[in-house]
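These notes concern the structure reproduced below.
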Amino acid sequence: MSLVPGAVPQGRFAQDGDAWRYEGALVLDNAARVLAEADSLPLPASGVVDFAALERADSVALAVIMALRRRATAEGRALSVRNLPAGLSSLALAYGVVELVHDDA
């Protein structure tokens, strides 16, 4: 991933079988676009959202996950977050929202 000054980081949710896989960065500069694109997709059939391919993130990634969970709840669906990086897990704990982003909280 290029870190060219002024460049908007790339990132997206990609279909991976019956799950979603996040690829790239999820930061303030691209979060609104990423969430809008995710809103145009049906939630993953398995309910699994995998962050193993997340390259870079800041606290806005937690907000995106919480928005996805709110959407899943509104649609009567379950959503399971997998492979959340340790740094985001630590932020979730510090912010008091770990139960909103982890299944095993």
- Note on the structure: Within region 13-28, the count of residues that are surrounded by fewer than 17 Cβ atoms within 10 Å (Cβ to Cβ) and under 22 Å from Val97 (Cβ atoms) comes to 1
- Note on the structure: Scanning region 8-44 residue by residue, those out of contact with any Pro (no Cβ under 7 Å at 6 or more places or on another chain) and part of a helix (DSSP H, G or I) turn out to be Leu28, Ala31, Ala32, Arg33, Val34, Leu35, Ala36, Glu37, Ala38, Asp39
- Please identify the pairs in which a residue from region 49-60 that is under 15 Å from Ala38 (Cβ atoms) has its Cβ atom under 6 Å from the Cβ atom of a residue that is assigned to a strand (DSSP E or B) and aromatic (Phe, Trp, Tyr), counting only partners at least 6 apart or on another chain. Val49/Trp20; Phe51/Tyr22; Leu54/Tyr22
- Sort out which residues of region 69-105 are farther than 20 Å from Gly24 by Cα, in a loop (DSSP other than H, G, I, E, B) and in contact (Cβ under 8 Å) with a residue 12 or more places away in the chain, and write them in order of number. Glu75, Arg77, Ala78, Leu79, Val97, His102, Asp103
- Note on the structure: The condition of being basic (Lys, Arg) and either out of contact with any helix residue (DSSP H, G or I) (no Cβ under 9 Å at 6 or more places or on another chain) or at pLDDT below 95 (or both) holds, among Arg77, Arg82, only for Arg82
- Note on the structure: Within region 7-50, the residues that are under 21 Å from Arg70 (Cβ atoms) and small (Gly, Ala, Ser) are Gly11, Ala19, Ala31, Ala32, Ala36, Ala38, Ser40, Ala45, Ser46, Gly47
- Item | Residues (in a strand (DSSP E or B), in contact with a strand residue (DSSP E or B) (Cβ under 6 Å, 6 or more places away or on another chain) and not charged (D, E, K, R)) located in region 45-64 | Val48, Val49, Phe51, Ala53, Leu54, Ala57
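The values are calculated or read from the model by the stated rules, or taken from the named source; none is laboratory data. Predicted model, so just to flag it, every value in this text is computed and none were measured. Reconstructed Cβ throughout: ideal geometry from the backbone, glycine too, with neighbour counts over all protein chains shown.
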